[in-house]
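Structure first, then comments.
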Amino acid sequence: MAPKLLSQSLLRVTVNLNQKIFVGFSGGPDSSALLHLVSKVDSKFLGNIKAIHINHNLSKNSSAWAEHCKDFCSKCNIDLIIESVHINSDGGGIESAARRARFEVFKNILEENNQILLGHHSDDVAETILMRLLRGTGVEGLNGIEQYRKLGSGTLIRPFLDIPKKEILNYLKDHNINYIEDDSNKVNDFDRNFLRNEIFPLLDSRWNNFAQRINSMSHIVQERNVNYTNLFLEKYGELVGHKIDINKLKTLQESLIIDVLRYSINVCNLAVPNSKIMKEIIKTFINSDPGPKSQVSWSRSDKEEPGGSITYKNGFLLISKK
């Protein structure tokens with residue numbers, strides 16, 4: 001029997017077994033537990049399920065990992081797609097570049113109504129929130145990781161977001177499942193690895209289930225953010241967009257001006273700047289008299305989202321891609 005929490009995690013989320021389902025499969029513990037669990041569905045649905053393994057070509061073991069994934073999928077009676085990519089960090093870090101490459105492959109494969117399942121768990125939520133806090137996130141960043149979101153023409157689903165890592169490891173142990181252990185996960189030069197390997201065990205020793213506590217907070221923040229967004233857009237939605245009337249903007253208090261800018265930048269699908277850049281935007285365009293040469297630009301260090309730029313023209317702030 002699968003541990004209760006893992007079984008219930010798949011029951012709680014909406015996965016349409018009548019549509020194509022892909023499982024992002026690295027061969028690591030999280031995706032191995034997810035794929036094994038998914039393979040236990042009614043056999044009549046197995047034809048709708050495929051796994052995708054991305055060979056990032058970053059390790060001398062990459063080929064061996066691909067072979068492991070082939071064997072694993074064969075035992076689970078799941079078809080496997082293997083895609084090879086070559087990573088160019090472009091100054092944003094190897095981890096972020098690898099993630100972008102993975103998601104680009106997923107987007108290219110997914111067709112309308114297709115679903116892709118990923119094995120992110122509650123510890124990943126806590127790591128992401130702490131990383132954002134250290135980077136200087138706004139309140140939106142405390143939402144954590146989305147359980148559902150559009151990806152290309154399909155939908156990305158993360159069934160394990162409420163499940164702790166230790167529950168996944170227990171599942172693997174109980175079912176005698178072999179999985180890949182990537183040595184790079186032990187290298188604390190990467191910020192996320194440092195949090196995972198050094199900081200989280202220390203915090204968990206003092207505050208039991210530390211990651212779940214952050215996850216619970218994240219759910220509360222998500223609900224509050226949805227409520228605030230609805231109320232905010234109802235009152236100030238006419239200002240939100242790629243072109244903002246600066247005279248109307250200046251009638252608001254500074255905290256509301258910042259929110260108009262944040263929502264507008266989000267609408268433009270750009271990375272939201274940190275608080276330091278926001279202060280520069282306020283100084284340049286609100287507290288001063290801007291001119292045609294006034295400009296504030298920003299970028300996100302990990303390149304996950306494109307950077308942006310704000311300029312002034314004929315009484316309007318114009319938001320564009322950097």
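Side notes on the structure shown:
- Tally of residues being in contact (Cβ under 8 Å) with a residue 24 or more places away in the chain, touching a helix residue (DSSP H, G or I) at 6+ places or on another chain (Cβ under 7 Å) and of a type in the set (Val, Ile, Thr) across the range 266-306: 4
- Restricting the first member to the range 159-172 and to residues that are open to solvent by 10 Å² or more (accessible area, probe 1.4 Å), and the second to residues that are hydroxyl-bearing (Ser, Thr, Tyr) and part of a helix (DSSP H, G or I), the beta-carbon pairs closer than 6 Å and six or more apart or on different chains are Asp162/Ser122; Pro164/Ser122.
- Residue under evaluation Ser309, criteria (1) open to solvent by 30 Å² or more (accessible area, probe 1.4 Å); (2) free of Cβ contacts under 8 Å to residues at least 24 places away in the same chain; (3) out of contact with any Leu (no Cβ under 8 Å at 6 or more places or on another chain), criterion not met: (1)
- Unmet criterion (only one of (1) open to solvent by 30 Å² or more (accessible area, probe 1.4 Å); (2) at pLDDT 90 or above) for Asn209: (2)
- Checking Gly237 against (1) open to solvent by 60 Å² or more (accessible area, probe 1.4 Å); (2) within 19 Å of Glu140 (Cβ to Cβ); (3) without any contact (Cβ under 8 Å) to a residue 24 or more places away in the chain, the condition it does not meet: (1)
- Identity of the residue in the range 259-274, under 17 Å from Lys243 (Cβ atoms) and of a type in the set (S, T, N, Q), that ends up most open to solvent (accessible area, probe 1.4 Å): Asn269
- Listed by first and then second residue, the pairs linking a residue in the range 209-223 that is assigned to a helix (DSSP H, G or I) to a residue that is among the charged types (D, E, K, R) and buried (at least 17 other Cβ atoms within 10 Å of the Cβ), with Cβ atoms under 7 Å apart and 6 or more places separating them unless they lie on different chains, are Phe210/Asp204; Ala211/Asp123; Asn215/Asp162.
- Meets criteria (surrounded by 19 or more Cβ atoms within 10 Å (Cβ to Cβ) and modelled with pLDDT of 90 or more) for Leu6: no
- Residue in the range 287-297 that is within 24 Å of Thr229 (Cα to Cα) and acidic (Asp, Glu) present: no
- The set of residues from the range 35-52 being of a type in the set (D, E, K, R) and over 9 Å from Val23 (Cα atoms) comprises Lys40, Asp42, Lys44.
- Evaluation of Ser32 against the conditions (1) of a type in the set (S, T, N, Q); (2) open to solvent by 20 Å² or more (accessible area, probe 1.4 Å); (3) in a helix (DSSP H, G or I) shows that the sole unmet condition is (2).
- The range 275-306 - residue that is loosely packed, with under 14 Cβ neighbours inside 10 Å and basic (Lys, Arg) and, of those, farthest from Val139 (Cα to Cα): Lys293
Residues checked against (1) out of contact with any Asp or Glu (no Cβ under 6 Å at 6 or more places or on another chain); (2) at pLDDT below 90:
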| position | (1), (2) |
| --- | --- |
| Cys73 | yes, no |
| Leu80 | yes, no |
| Val85 | yes, no |
| Ala98 | yes, yes |
| Val105 | no, no |
| Asn108 | yes, no |
| Gln115 | yes, no |
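The values are calculated or read from the model by the stated rules, or taken from the named source; none is laboratory data. None of these values were measured; they are calculated from a predicted model. In this analysis, Cβ positions are derived from the backbone assuming ideal geometry, glycine residues included, and neighbour counts consider all displayed protein chains. The protein model used for the area step is the full one, side chains on, heavy atoms only, and it has no ligands, DNA or RNA in it. Shrake-Rupley method; radii C 1.70, N 1.55, O 1.52, S 1.80 Å.
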